[in-house]
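Reading through the structure tokens given below for one structure.
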Amino acid sequence: MENGYNKKFNSNYLSAAFIYLVSISFLINSFSIKDPQSRMFPTVICITTIILATLLVIRTKFMTTKKADEDNLTGMTTALKMLALLFLYVVGIEIVSFYIATPIYLSFTMLALGQKNKKLVVIVSLLFTLGVYLFFDLLLGMAVPMGRFLS
Amino acid sequence: MEFFQYAIQAATPENMLWLVIGCIIGAILGALPGMSADTGLAIFIPLTFNLDPTTALITLGAIYVTGAYGGNITAVLVNTPGTSDSVFMTIDGYPMTQRGEGLKAIGVTTFSSFFGGMVGAASLIFLAPIIAKMAVLFGPWELFLVTMMGMVVILGMVKEGVLKGLVSASFGFLCSLIGMDGVTGLTRLSFGIKPILDSLPLLPVVLGLFAVSQMFDLAATHSATIAITDSAIKGSPFLSKKEHKAMFKNNLRSSIVGTIIGIVPGAATTAAAGISYNMAKKDDPHPETFGKGNPQGLACVSAANNAEVTGALIPLLTLGIPGNGTSALFLGALLVHGLAPGTQLFAKTPEIAYGMFFGIIMATFAILLIGLYGAPIYSKITKVPNSILIPIIGSLCVLGAFTYRNLFFDTLLILVFGIIGFYMQRSNFPLAPFVLTFVLGKTSEMAFRRTMIITGGDLTSVMFKPLALALFAIDLILLIWPFWGDIKDYLKKDKTKTI
């Protein structure tokens, strides 16, 4: 059988590794469920997932290329940068409140994404935050996170 | 005839004003990632305390109907479904937008949602008592078979990459089992994490998988705007007679499927969309175009979605059994206004019941106005630079996730599922099977186990009931149908070899 996939790294292996990690953790955890009826479905689904992940590995290693095996992980670095900014934003909201963290997050992210018009960055950041306050807080009376210092 | 008499009575200036308010609020909340008709209902139910019950129910009905539609706009234009029910709109709607047909995509989803909503509303008004008798026949085994219907359609959706589709579905099923076991009350697979002791919450998971991952995708592609073509947004949201005719059969079939699924308590909108999509794909002369911007793919799920929403009110109003989670909020609204669902609602307060139906029909018409005349404005969003759009989507997602349960944990959850969703899409793991099994997994498990408890493990006592047999036959057909062409070809080849 030919390994039709000539790339050095195939993301299917990474996917399978992640699935193994999750399924095996869940399977081990399911052994602590006392009721056998309650344990049945988690055990069956974990084992099914492990089998499917194994089939994926076998197919990737030994069988010809399928279109479904072509991945496009370019831009992963940019995605991780966005993830990091979003994470800092979430932490910022938790500490200093939505109304302070949001304009900072919007400004930094717009600049990081290549927005050169600084006036526009400031206007959008402030207008958006004001819009959220008017619509969600004043009009609908929804709870907007106020952070640990302001709540 | 009663309906028309009470509808005229309900058409007062005050009721019309509140109807307009409800439609606008519902559409906006439905479109915003993380918000939904549930949010609108939860906010407005207390605000309607002092209103006349008819006015209150007209307002809430308008939020309910337009809230279900609102998510379609952002799903189609920005690949960011406003609600979990709009997830299927992204499959064909967003590719249409990318090739500059955003206006047409809005037109298709608007008209089909209107079509589905009207079929659902007509069923509600004229067939409710008859159809409600069917809901009583649905026991746990029948519910299990319906959830299986929603899951076997996965095979039709992932024909080109079955293994990865099954992996995605299996992962979704696993995630659905996290939290409290619905039968015994024991907590499972939560690893002691308090916010998920009950279950992994649907909204943050869907927000992460679709909206946040879309953010990452837009950033990663480095494109200036969403629309790939530099030309202006092509076409018009108003469809031609030919286009309407081409979509009629699809819309009708999907609306009927959506209404029937809506009547079954516990069956999710996602199941209706999935089944309709599969049927439409199989029926299409060019099934390979599904998933690449085929308007029929967008039309069927839009019709099924809105038909399911109105269909779900049938068991609620006739039997007091909510057809879905949002209609359960409606039950609260009825009780708050001193109304009891069931035959008494129609016998003692027909002006309120039929007044509400009138509101729902008017809101369904409002979908046409909101969609068709608002389309040129909404579609401009595809021309907003991604450097501005991406952080705004991110902020709305975080806000939406937080307001769901007022928990910081949910905002972290959208990040986790955001990166998972991005990776899955880039590695060709389809997201729709994950969502289907995530939504239906626990329900199917509970239905199966309840059946085993009730029957003492002897399935033969329920398997051969007429409704159960009919549902099983449908499951079998849906399982084999996507592969029927291949099976026929294989048998032909075999015969030729033998000869």
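All of the numbers you see were taken from the coordinates with simple rules; none came from a lab. It should be emphasised that the depicted structure is a prediction, and the values quoted were computed from it without experimental measurement. No Cβ is skipped: glycine too gets one built from the backbone with ideal geometry, and neighbour counts run over all protein chains shown.
Things to note:
- Peptide A:84-95 has a mean shielding of 4, counted as Cβ atoms of other protein chains within 10 Å of each residue's Cβ.
- Note on the range B:77-205: with charges restricted to the Cβ of Lys and Arg (+1) and Asp and Glu (-1), its dipole about the Cα centre is near 100 debye.
- Along the range B:85-91 the Karplus relation, 6.51 cos²θ - 1.76 cosθ + 1.60 evaluated at θ = phi - 60°, assigns HN-Hα couplings of 6, 8, 3, 5, 5, 6, 4 Hz to successive residues, with x for each Gly and Pro.
- Pairs exceeding 20 Å between alpha-carbon atoms, taken from B:Lys249/B:Lys282; B:Lys245/B:Lys380; B:Lys249/B:Lys281; B:Lys245/B:Lys281; B:Lys465/B:Lys488: B:Lys245/B:Lys380; B:Lys465/B:Lys488.
- Global geometry of chain B, whether rounded, prolate or oblate, following the gyration tensor of its Cα atoms and the 1.5 cut on a/c: rounded
- Neighbour-count ranking [beta-carbon atoms within 10 angstrom, fewest first] of B:Glu243, B:Glu101: B:Glu243, B:Glu101
- Relative packing of B:436-447, B:213-224, A:135-146, which averages over residues the other C-beta atoms within 10 Å, highest first: B:436-447, B:213-224, A:135-146
- Cut-off 13 Å between beta-carbons: net charge of the residues surrounding A:Asn29, Lys and Arg +1, Asp and Glu -1: +3
- Taken about its Cα centre, the range B:2-498 carries a charge dipole of roughly 1040 debye when the Cβ of each Lys and Arg holds +1 and the Cβ of each Asp and Glu holds -1.
- For the range B:115-122, putting each phi into the Karplus relation 6.51 cos²θ - 1.76 cosθ + 1.60 with θ = phi - 60° gives couplings of 4, x, x, 5, 5, x, 5, 4 Hz, in residue order, rounded to whole numbers and with x for Gly and Pro.
- Backbone amide hydrogens, once placed in the peptide plane, bring B:Ser199 within less than 5 Å of B:Met180, excluding anything fewer than 5 places away on its chain.
- Shape of the range B:344-484 from the C-alpha gyration tensor: oblate (a/c of 1.5 or more and a/b not above b/c, with a ≥ b ≥ c the square roots of its eigenvalues).
- Packing here is the average count of other Cβ atoms within 10 Å per residue, and on that basis the peptides B:255-263, B:329-337, B:294-302, A:14-22, highest first, run B:294-302, B:255-263, B:329-337, A:14-22.
- The equivalent ellipsoid of the protein assembly as shown has semi-axes of 35, 33, 26 Å, largest first, where each one is the square root of 5 times an eigenvalue of the Cα gyration tensor.
- Dipole of the protein assembly as shown, positive end: most advanced residue of B:Phe409, B:Pro81, B:His286 [Cβ charges, Cα centre]: B:His286
- Ranking B:Ile361, B:Thr318, B:Gly71 by Cα position along the charge dipole of the protein assembly as shown, where only Lys, Arg, Asp and Glu carry charges on their C-beta atoms, puts B:Gly71 farthest toward the positive end.
- Per-residue average of Cβ from other chains inside 10 Å of B:164-177: 6
- Prolate/oblate/rounded call for the range A:83-151, Cα gyration tensor, a/c under 1.5 rounded: oblate
- Close amide H pairs (under 5 Å, H built 1.01 Å from N) link B:Thr187 with B:Asp181, residues at least 5 positions away or on another chain.
- With θ taken as phi - 60° and the Karplus curve 6.51 cos²θ - 1.76 cosθ + 1.60 applied, the whole-hertz 3J(HN,Hα) list for the range B:249-256 is 5, 4, 4, 5, 4, 5, 5, 5 Hz, x standing for glycine and proline.
- Inter-chain shielding of B:144-155 (mean C-beta neighbours from other protein chains, 10 Å cut-off): 0
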